[in-house]
Amino acid sequence: MTNRGDSIARKRGGKSRSDEREWTDLMDAKAADLESNPIDIDGPAPKPTEVDGDPSEGAWAEQEEDEFGMDERLDALDRAGESFHWMKERRFRRMFREIEGQLSGVLGKGGYDWVDRRVFDQVFDQSTLMAVYKLMNKGHIDTLDWPIARGKEAHVFHATAPSGSVAVKIFHTSNAVFKGLLQYIEGDPRFGGLRRRHRELVNVWVRKENRNLLRMRKNGVRVPEPLAVFRNVLIMDYLGDENGPSPRLKDLKVENAEEIYQSLLEQLKLIWQDSRLAHADFSEYNVLIHEGEPWIIDVGQAVDVAHPNSKEYLVRDVTRLVQWANRNGVEVEVADAMLKVLAE
C-alpha cells in the first residue's frame, strides 16, 4: 500500500510521540469473547480444541519457592486495592509470577507502589489476568507494552507477538456500560436468546466485534484483522508505528477531504451491501489514517441488515460522514450520498 499520508492529512500540532505516549481518549466513540478457547484467526499459535487446566482448579497447587520480593510486591498491590488479594493464593502465584515481566510495559518499571490504579483496577481483574495468561501461554502474545486507547467499554494496548506488533483490546468486566448497548445486540439475528447478565453481555459484545471484523475484512472493508480472541480479550492488527498508533481522523487537519470522503463513502457501501451490516456508530472518532488510507475501527456495535434499526443506523452513519465532509469544505448532500451507498 502506497503511503500517501503526507498528501492526505497532517496531524494538528503534530509532533513525535516517541518520547511520551498519551492515551487516545475513546469516550466520545463507542468502543466495546468467548467464554471458550483462544481462537487463532491467523497466527503462529495452534488452534486449541480445549482450554488447558485453569489455575483456579489447582493446576499449580504445589508450593514453590517465592522469587525475591514477590511477597512484598503482592502485599503492596493488595494495599493499593483490596480486590487483588487473590493473587497471593498459591494457585495463582505462579501464574502471575510467569507473566509479571511480560506486563511490565503496562504496569510500569518498579515495585507495585507505582501501579497506575486507574488502569489496573479498571482492566486487570482476576478473570482478565487469567485470560491474558492463557493467550501468552498459547503464544498469541509475548508482552503487553503500552496503552494505545481507553474508552468506557475497553482499553487497547500495544503488544508484541511472535509475528510483530499487535493491538490487544481488553473489554471491561466490572461495569454496567454494556447494558446501554443492548439496542445493538437485541434484534441482531446472530445473537438470539440473550440473557442480561453482565458477564454474558461482555462476552457477546467481544464475540460480536470479532465476527463483524471478520465479515467486513472478507468483503474488502479496511478494518483491523482479528487474530485471536478469548473471553474479554481480542487481539488484532496494530495500526501504527513504533512511535504510537495511527491518528484518528478527528485529530487531523485534512488537505484533501474530498478524497477521504469518497473513500469512506465507498467503505460504508461495502459494509452495507457486501458485508450486510450497518456500522451504527460511524464518525471521525472511529476512523484512523493509516499508511495514507482511512481505516475504520470500533465495530462492536455494527448490526446485521436484518436488525429492525439497521436502516436508521445506516442513515445516521452516512449523515455523520456528510457532516464531516461539509465541515471540511466538501459540498455534498445526504440524499446524494445515500443514493451512492444504496446503488447496486
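Bear in mind these aren't lab numbers, they're just calculated from the coordinates by the rules spelled out. Quantities reported herein were computed from a predicted structural model and do not represent experimental measurements. FYI the Cβ positions are ideal-geometry reconstructions off the backbone, even for glycines, and counts take in every protein chain you see.
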Item to check | Using θ = phi - 60° and Karplus 6.51 cos²θ - 1.76 cosθ + 1.60, couplings along the range 305-320 (whole Hz; Gly, Pro as x) | outcome: 4, 6, 4, x, 9, 4, 5, 4, 5, 4, 4, 5, 4, 5, 4, 5
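Net charge within 10 Å of R320 by Cβ-Cβ distance, Lys/Arg positive one each and Asp/Glu negative one each, not counting R320 itself?
On the way: positive: R316; negative: D281, E284, D317.
Around R320, the charge tally is -2.
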Checklist entry - By how many nm would the segment from Q262 to S165 lengthen if fully extended, with 0.36 nm per residue of separation less the alpha-carbon distance? => result 31.9 nm
Item to check | Amide N proximity, the range 236-273 versus A306 label position 7 Å along Cα-to-Cβ, cut-off under 20 Å | outcome: 271-273
Checklist entry - Using 18 Å as the cut-off for backbone N distance, which residues of the range 242-283 belong to the label zone defined by a point 7 Å from the Cα of A343 along Cα→Cβ? => result 258-274
Item to check | For the range 291-297, Karplus couplings with θ = phi - 60° (6.51, -1.76, 1.60), whole Hz, Gly/Pro x | outcome: 6, x, 10, x, 10, 9, 10
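For E344, what charge total do you get from the other residues with a beta carbon under 15 Å from its beta carbon, if Lys and Arg give +1 and Asp and Glu give -1?
+1
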Checklist entry - Of the cross-linked pairs K169/K311; K134/K169; K208/K269, which ones have a Cα-Cα span greater than 22 Å in the structure shown? => result K169/K311
